[in-house]
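Here's the structure we're looking at; comments come further down.
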Amino acid sequence: MTVESTAARTPRRSSTSGGKRASAKKAAPKKSTEPQLVQLLTPEGKRVKNAEYDAYVADVTADDLRGLYRDMVLTRRFDAEATSLQRQGELGLWASLLGQEAAQIGSGRATRDDDYVFPTYREHGVAWCRGVDPTNLLGMFRGVNNGGWDPNTNNFHLYTIVIGSQTLHATGYAMGVAKDGADSAVIAYFGDGASSQGDVAEAFTFSAVYNAPVVFFCQNNQWAISEPTEKQTRVPLYQRAQGYGFPGVRVDGNDVLAVLAVTKWALERARTGEGPALIEAFTYRMGAHTTSDDPSKYRNDDERVAWEAKDPILRLKAYLESEGHADEGFFAELEAESEALGKRVREVVRAMPDPDLMAIFENAYADGHALVDEERAQFAAYQASFAEGEAK
C-alpha cells in the first residue's frame with residue numbers, strides 16, 4: 001500500500017446547491033480507521049509488492065534480512081536491560097524505545113557513513129546502527145558524562161533533551177553540507193510531540209527555502225507523554241510537509257523493510273539536490289514515555305494489546321521463517337548473543353563511578369554567586385544526613 005505524495009495534492013472544495021450543502025443530501029462515506037501508509041510487510045509477515053518503493057530494497061539479501069532482525073532483537077534486549085538497571089537504581093532515568101525498533105533500525109541502516117544524524121534521546125537503535133557502543137548511551141542517564149561519545153567519530157550527534165531543537169541544528173548543518181558541495185545527507189529524528197514545537201516549524205521553513213539536504217524523520221508513537229496525537233493536529237503529520245513545499249510520506253513504522261525503503265528514497269533525493277522530505281513513521285510506544293511515567297494513567301490495555309499484534313520483531317521473524325531465510329540454529333545463536341549483551345551492559349554500568357552530586361553547582365556563574373553558594377551548602381548538608389543515618 002502506498003500514500004500519494006502530499007506535494008501532488010490539491011485542496012477539496014465544498015459544493016453547494018440552492019443554499020444547502022450537498023453533503024446534507026447524502027450521507028458522508030464512512031472513514032477507514034486504518035491510516036494510509038507505505039507497507040512492504042504485513043503484521044503477519046507477508047510481503048506486499050509496491051511499485052514505487054520495491055526498487056529501494058531490491059538488493060536486500062537474506063543475510064541483510066537476518067541482519068535487520070539481529071539489530072532489532074539486540075536493540076530491544078539492550079533497552080530492556082537499561083530499563084531494569086534504572087529500576088534497580090543504577091540509572092537516573094531511561095527513555096525506552098520498546099515497539100519502535102523497526103522505525104529506528106530501518107532508517108538507521110538506510111544511512112551512509114558520510115551522512116550525519118541528529119537524534120533526540122530515544123534513538124538507541126539508530127545509535128546501534130551508527131556504531132556507537134550501547135554502554136556509552138548509559139553514562140548520561142547515570143549522570144557521569146554529557147554524552148559519552150565523539151559525535152564526529154560516527155557522524156552521530158549527542159542526544160538532545162530539548163524537544164525539537166535538533167531539527168534546527170540538522171537544518172543548519174545540512175545547509176553547510178550543501179555549501180561545501182558534498183553529496184551526503186542529514187537526517188533529524190523527532191517525535192509526534194516535538195512536531196508541535198516552533199523549532200520544527202522553523203526548520204521546515206529554512207530547509208525548504210534553502211533546499212537543504214535534510215530528511216525529517218518523525219516517529220509518531222501516538223503519545224506525546226500523555227497527549228494523544230489527535231490533541232495536537234487535525235491532519236496526519238506527514239501532510240504538514242505540503243505547506244512548506246516538500247514531500248511527506250507516512251510509512252508503517254513497525255515494518256522495517258518499508259522504513260528502509262522510504263528512508264533510502266528520501267536520503268537519495270536529498271543527496272542529489274532535491275531538498276528536504278518528511279517521513280512519518282506510524283508506530284506505537286509500547287512502554288512508558290520514560291521510567292518516570294505511568295502510561296496506565298492515560299491509555300488502556302486494549303490499545304496496547306492491539307499493537308502487540310503488530311510487533312516489528314515478530315513480523316520479520318514470521319517472514320524469515322516463511323521464506324526459509326532463518327532456522328532454529330540462527331535464532332538460538334542470537335538468543336545467546338542477546339544474553340551476552342545484557343550481561344556486558346550490566347557489568348559496564350555497575351562499574352561506572354557514582355555521579356558527582358555537587359557538580360550541578362559548578363559553572364553556573366563565572367565568578368560565583370551567593371545564592372548558588374547557599375544552595376550548595378544546603379544540598380551538601382542534605383547528603384551528609386544520609387551518611388549520619390547509616391552510621392547510627
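The values are calculated or read from the model by the stated rules, or taken from the named source; none is laboratory data. In this text, all values refer to a predicted model and were calculated from it rather than measured experimentally. Backbone-built Cβ (ideal geometry, glycine too); neighbour counts: all protein chains shown. Accessible surface areas use protein heavy atoms only, side chains included; no ligands, DNA or RNA. Shrake-Rupley method; radii C 1.70, N 1.55, O 1.52, S 1.80 Å.
Restricting to the range 131-155, name every residue that is farther than 16 Å from A82 by Cα, touching a Leu at 6+ places or on another chain (Cβ under 8 Å) and not in a loop (DSSP other than H, G, I, E, B). Break it down stepwise before answering.
So the first thing to find is which residues in the range 131-155 are farther than 16 Å from A82 by Cα, and the list is 131, 145-146, 149-155.
Next, from what is left, pick out any that are touching a Leu at 6+ places or on another chain (Cβ under 8 Å): 146, 149, 151.
Within the range 131-155, P151 is the sole residue that qualifies.
Out of all the residues in the range 93-102, is one or more in a helix (DSSP H, G or I), open to solvent by 10 Å² or more (accessible area, probe 1.4 Å) and touching a residue at least 24 places away in the same chain (Cβ under 8 Å)?
Of the residues in the range 93-102, the ones in a helix (DSSP H, G or I) are 101-102.
Remaining after also requiring open to solvent by 10 Å² or more (accessible area, probe 1.4 Å): none.
There is no residue in the range 93-102 that is in a helix (DSSP H, G or I), open to solvent by 10 Å² or more (accessible area, probe 1.4 Å) and touching a residue at least 24 places away in the same chain (Cβ under 8 Å).
Can you find a residue in the range 135-144 that is in contact with a Pro (Cβ under 9 Å, 6 or more places away or on another chain), modelled with pLDDT under 95 and farther than 18 Å from T290 by Cβ? Let's see the steps before the verdict.
As a first pass, look at the range 135-144 and keep what is in contact with a Pro (Cβ under 9 Å, 6 or more places away or on another chain): 142-144.
Retained after the next criterion (residues that are modelled with pLDDT under 95): 142-144.
So of that shortlist, the ones also farther than 18 Å from T290 by Cβ come out as 144.
There is at least one residue in the range 135-144 that is in contact with a Pro (Cβ under 9 Å, 6 or more places away or on another chain), modelled with pLDDT under 95 and farther than 18 Å from T290 by Cβ.
Which ones in the range 347-386 are part of a loop (DSSP other than H, G, I, E, B) and either in contact with a His (Cβ under 7 Å, 6 or more places away or on another chain) or not acidic (D, E) (or both)?
Looking only at the range 347-386, we keep the residues that are part of a loop (DSSP other than H, G, I, E, B), and these are 352-358, 362-369.
Those that are part of a loop (DSSP other than H, G, I, E, B) and either in contact with a His (Cβ under 7 Å, 6 or more places away or on another chain) or not acidic (D, E) (or both): M352, P353, P355, L357, M358, N363, A364, Y365, A366, G368, H369.
Looking for whichever is in contact with a helix residue (DSSP H, G or I) (Cβ under 7 Å, 6 or more places away or on another chain), touching a residue at least 24 places away in the same chain (Cβ under 8 Å) and either under 23 Å from D356 (Cβ atoms) or not hydrophobic (A, V, I, L, M, F, W, C) (or both) here; the options are R87, R122, R109. Which one fits? Step through it out loud before you land on a result.
Numbers: R87 fails: in contact with a helix residue (DSSP H, G or I) (Cβ under 7 Å, 6 or more places away or on another chain); R122 fails: in contact with a helix residue (DSSP H, G or I) (Cβ under 7 Å, 6 or more places away or on another chain).
Selected residue: R109, the only one of R87, R122, R109 that is in contact with a helix residue (DSSP H, G or I) (Cβ under 7 Å, 6 or more places away or on another chain), touching a residue at least 24 places away in the same chain (Cβ under 8 Å) and either under 23 Å from D356 (Cβ atoms) or not hydrophobic (A, V, I, L, M, F, W, C) (or both).
What number of residues in the range 288-305 are touching a residue at least 12 places away in the same chain (Cβ under 8 Å) and of a type in the set (A, V, I, L, M, F, W, C)?
1
Do we find a residue being more than 25 Å from G67 (Cβ to Cβ) and surrounded by fewer than 19 Cβ atoms within 10 Å (Cβ to Cβ) anywhere in the range 115-128?
The answer is no; no qualifying residue exists.
Within the range 147-157, restricting attention to residues that are over 22 Å from Q88 (Cα atoms) and surrounded by fewer than 17 Cβ atoms within 10 Å (Cβ to Cβ), which residue is nearest to the chain's Cα centre (by Cα)?
Narrowing the range 147-157 to residues over 22 Å from Q88 (Cα atoms): 149-157.
If we keep only those that are surrounded by fewer than 17 Cβ atoms within 10 Å (Cβ to Cβ) too, we end up with 150-153.
Values: D150: 20, P151: 18, N152: 20, T153: 21 Å.
Going through the qualifying residues, I end up with P151.
Can you tell me which of (1) open to solvent by 60 Å² or more (accessible area, probe 1.4 Å); (2) touching a residue at least 60 places away in the same chain (Cβ under 8 Å) is the one Q378 doesn't meet?
In the conditions (1) open to solvent by 60 Å² or more (accessible area, probe 1.4 Å); (2) touching a residue at least 60 places away in the same chain (Cβ under 8 Å), Q378 misses (2) alone.
Out of the residues in the range 306-362 that are of a type in the set (F, W, Y) and touching a residue at least 40 places away in the same chain (Cβ under 8 Å), state the one that is nearest to H124 (Cα to Cα).
W307
Of all residues being part of a loop (DSSP other than H, G, I, E, B) and crowded, with 19+ Cβ neighbours inside 10 Å in the range 34-89, which is farthest from the chain's Cα centre (by Cα)? Just the residue, please.
Step one: filter the range 34-89 for residues part of a loop (DSSP other than H, G, I, E, B), giving 34-37, 39-40, 42-46, 48-53, 58-61, 88-89.
Filter again for crowded, with 19+ Cβ neighbours inside 10 Å, leaving 37, 39-40, 50, 53.
Values: L37: 18, Q39: 18, L40: 20, N50: 24, Y53: 21 Å.
By that ranking, first place goes to N50.
Test E280 against the criterion of being touching a Cys at 6+ places or on another chain (Cβ under 7 Å) and either touching a residue at least 24 places away in the same chain (Cβ under 8 Å) or more than 15 Å from M72 (Cα to Cα) (or both), and give yes or no. Walk me through it before giving the result.
Details: touching a Cys at 6+ places or on another chain (Cβ under 7 Å): yes; either touching a residue at least 24 places away in the same chain (Cβ under 8 Å) or more than 15 Å from M72 (Cα to Cα) (or both): yes.
Criteria met by E280.
To keep it simple, each residue is scored yes or no on (1) loosely packed, with under 12 Cβ neighbours inside 10 Å; (2) part of a helix (DSSP H, G or I).
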| position | (1), (2) |
| --- | --- |
| A288 | no, no |
| S296 | yes, yes |
| R299 | no, no |
| V305 | yes, yes |
| K317 | no, yes |
| A326 | no, no |
| G329 | yes, yes |
| A336 | yes, yes |
| E339 | yes, yes |
